[in-house]
Amino acid sequence: MSPISTSDPRVSVIVPVFNRRQFLTRCLASIEATRHPNLEVLFVDDGSGDGSWELIQQLALARGEWVRALCHPGHHNRGISASRNLGIAEATGRYIAFLDSDDEYHPHRFDQCLRTLTGDPGLQAVYEPVLIKRDGHQSPLSSPSAATIRRCQNAPLDWLFCDDWWHTSGITLRRDFLTRYGSFRPDLPVAEDTELWMRIAASGAIQCCQQEQPVATVHRHQQGHSWDGYSAAKSTRFYRKALLAALVSIRKDPQLYDPGAAEAFRRRYQKAVEDDLSLLSRLHSAKEVARLVLEASAQQPEALWNRRSLGNLLSWRRWR
């Protein structure tokens, strides 16, 4: 790695770690391979018990000042949101990027995104596609797809209506943006990144800077992604909670967001309630149906009192 440059904008790469010792060397090597001359890597250990913390300290000692080893007070486990937020709080770079500790950057990771951000002072964040590799699958998938990128290029809020997602490892944003808009929500155990990207989309200050070359490889495996292992009922609830949390934030500070954001989120939340009632009635999930009805009654009652929702509720009652 070349010495730190003062002429290039510093990029702080935040890597949360929880029991990922076997992937850490590969992860750091992929960051080094980008050859950006002014990088700062912040490994944030989240109470690992497999030797990850010890290895992080060794890597930081061997690399010098551009790699830092962080952990929570008492070396406690605080969750991925708190870990990323600690990295953001400690970061010194003008730009923030993320990489999960079991994933890899591609060598061109920062080439286009930094040119786009430095060339447009009004732009706060950019997203680029990543490759998704799953255990046992030969062909990786690109996410978001080219079709989604084209759809969202001029209207980021349209992303809310796609079944395609921006991945954290493909996002680059200005650190000052997070100061104004807030970081990851520690109260969301899953979809904490989705909620943040929703708010960024609602600000209208994000765009795709290129769609041809994935900038990272995301590995899906048995020890991997937080969505994996959750039932369909729980997954829909987590997404709905993220959507609702974003909506509450937009209503609280409407001046920070696109004028149409609150209404777009309100409609999307109503559709999520209707879709989830349909799914849960088919799954015969009485507990989740009751949970959803209570939530919607408190937040948006009209989502329950329409033909589709009432039909699903009646169907569920007949099953009961």
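Results, tabulated for the structure shown:
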read-out	value
Dipole magnitude of the range 232-319, debye to nearest 20 (Cβ charges: Lys/Arg +1, Asp/Glu -1, about Cα centre)	340
Most fluctuating residue given options His76, His167, His108, as computed from a GNM of the chain linking Cα atoms under 10 Å	His76
Share antiparallel - DSSP beta bridges, the chain, percent rounded to 5	30
Cα centre as origin, Lys/Arg/Asp/Glu Cβ charges: the range 11-220 dipole, Debye	280
Positive-end residue of Ile31, Thr194, Ser169, charge dipole of the chain with Cβ unit charges	Thr194
Tilt relative to the chain, helix 286-299 - C-alpha long axis, 0 to 90 degrees, to 10	90
Between 0 and 90°, nearest 10: helix 52-63 axis offset from the chain longest Cα axis	40
Farthest positive-ward along the chain dipole, Cα basis, beta-carbon charges - from Ser249, Gly122, Val67	Ser249
GNM result for the chain, Cα springs below 10 Å: residue of Ser169, Ser278, Ser101 fluctuating most strongly	Ser278
Lys/Arg +1, Asp/Glu -1 at C-beta; the range 232-319 dipole; positive extreme among Gln270, Leu283, Asn312	Leu283
Protection proxy ranking of 191-199, 58-66 - average other beta-carbon atoms within 10 Å, highest first	191-199, 58-66
FRET efficiency for Arg35 and Lys234, using Cβ-Cβ distance with R0 set to 51 Å, rounded to 0.05	0.80
Nearest 10 degrees, 0 to 90: helix 261-283 Cα axis against the chain principal axis	70
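None of the figures in this text is laboratory data; all of them are computed from the coordinates on show. All values reported here derive from a predicted model rather than from experimental measurement. Ideal geometry is used to build each Cβ from the backbone, glycine not excepted, and the neighbour counts take in all protein chains shown.
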